Amino acid sequence: MSADARRTDVFRERLSRGDDLSGIVVRTPSYQVVEVLATTLRPDVVMLDTEHAAWSPDALDATIAIAVALDLPVLVRVSELSPAAFQQPLDMGATGVVVPHVTSAADAERAVRLAHYGDGGRGYSGSTRSAGWGSNPMADVLAAAAARTAV
């Protein structure tokens, strides 16, 4: 990893290589918790557990925003295998999703499809945090998401 590479941009690559990574599960819906973790312990990733904790959309958005601002890869454990459960945290800027209760190859394929743009997957909006609030060309957003999104 080059010195100027963003941790969020290389997280999936590091995960795929099998690098040793430190991570923390966060069940407390608070951006301050993630800010403290990011600036003191500096884990390689945090996972926000929306399956087992009551995360409001506002708390999730603020927490992902602080993680993005501090270049801390953030995964969201979704509560179900549905388009909405994937779309919202990924549009907010999450690095990826953790999908519980995958019990078949078909479930796994659906999870990967839902996490990526394209046929049967995520719908595109250029006016999200993940798309740079409209400041990035669609082709660049799609390419970056394809390279970065972890499932």
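The values are calculated or read from the model by the stated rules, or taken from the named source; none is laboratory data. This is a predicted model, so every value here is computed, not measured. Glycine also receives a Cβ, built like all others from the backbone with ideal geometry; neighbour counts cover every protein chain displayed. Keep in mind that these areas ignore ligands, DNA and RNA; they rest on the heavy atoms of the full protein, side chains included. Shrake-Rupley method; radii C 1.70, N 1.55, O 1.52, S 1.80 Å.
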* To do: Just the number, please: carbon plus sulfur as a percent of the accessible area of the chain, 1.4 Å probe, no ligands or DNA/RNA counted.
  => 54 percent
* Kirkwood hydrodynamic radius (Cα pairs, Å) of the chain? -> 15.5 Å
* **Length released on extending from Thr103 to Thr39, taking residue separation times 0.36 nm less the Cα-Cα span** => 19.4 nm
* **³J(HN,Hα) computed for each position of the stretch 143-151 - Karplus, 6.51 cos²θ - 1.76 cosθ + 1.60, integer Hz, glycine/proline x** => 5, 5, 5, 4, 7, 9, 5, 9, 10
* To do: Report the accessible area of Thr128, computed with a 1.4 Å probe over the heavy atoms of all protein chains in place, in Å² rounded to the nearest 10.
  => 20 Å²
* Structure fact -> Taking placed amide H atoms and a strict 5 Å upper bound, the residues 5 or more places from Val76 or on another chain that come that close are Leu48, Gly96, Val97, Val98
* Asked: Of all chymotrypsin sites (Phe, Trp or Tyr not before Pro) in the stretch 1-98, which ones are in loop regions per DSSP and have a Cβ with at most 10 other Cβ atoms within 10 Å?
  -> none
* Over the Cα atoms of the stretch 71-128, how large are the radius of gyration and the largest Cα-Cα distance (Dmax), in Å? -> 11.2, 34
* In terms of solvent-accessible area of protein heavy atoms at a 1.4 angstrom probe, what is the ranking of Glu51, Glu109, highest value first? -> Glu109, Glu51
* To do: Would you mind getting the accessible area per residue of the chain, heavy atoms of the protein chains only, 1.4 Å probe, in Å²?
  => 51 Å²
* Structure fact -> Which of Met92, Met47, Met138 fluctuates most in a GNM of the chain (C-alpha springs under 10 Å)? That residue is Met138
* In Hz, Karplus ³J(HN,Hα) per residue of the stretch 103-112 (6.51, -1.76, 1.60; θ = phi - 60°; x = Gly, Pro) -> 10, 7, 4, 4, 4, 5, 5, 5, 4, 5
